[in-house]
Amino acid sequence: MDLQAQFESAHREHQEILEFLDRWEEALRLLESENCDVCHAGLARLRHMAEPIGNICEHCRREEEDPESPLFRFAQEADRGRMKDEHFRLYRANSEFRRELDLTKPAYTGDLVLSGLKLLTTLRGHIVYEEGLLHRFAANQFENELAASHA
Ligand SMILES: [Fe+2]
Ligand SMILES: [Fe+2]
């Protein structure tokens, strides 16, 4: 895969994750309903969606070690340190959420909603941060190519 395609692939993966998170938030919001049937439906949907959330954690692991990932290739030490810290926070928020999901009954969903919203906010914020990195790395690459073509 050439560099341009690697950047496009990284943006596309983030876009797909954000679209999934919108659907995931819709399911989470069903748990706030006073109607027990709606809560049941929300819980079933969230349980169905638990695996894709795990796949997002897999996406993050690749960013730390896949040579084809622009985030791996171009991150400076400080960027890499922050990215790893944020990934660790995500894994922790995900495991808290999974634990709540296993224990929650439709009549007691408050803690599940709180841990779900925390995971959601953490994930969205993390993607904003990584998109910023990707734009910065792409601009740097463009400048380097320009400088090389004028040398
Ligand atoms: Fe990412
Ligand atoms: Fe990440």
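The values are calculated or read from the model by the stated rules, or taken from the named source; none is laboratory data. Fair warning: this is a prediction, and the values are worked out from it, not measured in the lab. Positions of Cβ are backbone-derived with ideal geometry, glycine not excepted, and every protein chain shown enters the neighbour counts.
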Identity of the residue in the stretch 18-36, under 29 Å from Lys105 (Cβ atoms) and within 16 Å of ligand 2 (Cβ to nearest atom), that ends up surrounded by the most Cβ atoms within 10 Å (Cβ to Cβ): Leu21
Test result for Ala78, more than 30 Å from Asn144 (Cα to Cα), exposed (fewer than 14 other Cβ atoms within 10 Å of the Cβ), more than 11 Å from ligand 2 (Cβ to nearest atom) and free of Cβ contacts under 8 Å to residues at least 60 places away in the same chain: no
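Answer yes or no: is there a residue in the stretch 60-67 that is acidic (Asp, Glu), assigned to a helix (DSSP H, G or I) and over 16 Å from the mean Cα position of the chain (by Cα).
yes
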Residue in the stretch 85-107 that is touching an Asp or Glu at 6+ places or on another chain (Cβ under 9 Å) and loosely packed, with under 11 Cβ neighbours inside 10 Å present: yes
In the stretch 92-150, residue nearest to ligand 2 (Cβ to nearest atom) [restricted to those that are of a type in the set (Ser, Thr, Tyr) and touching a residue at least 12 places away in the same chain (Cβ under 8 Å)]: Tyr129
Selected residue (criterion: nearest to ligand 1 (Cβ to nearest atom)) from residues of the stretch 97-151 that are among the acidic types (Asp, Glu) and under 25 Å from Asp37 (Cα atoms): Glu100
One residue from Glu86, Glu65, Glu51, Glu58 being of a type in the set (Asp, Glu), at pLDDT 95 or above and under 23 Å from His14 (Cβ atoms): Glu86
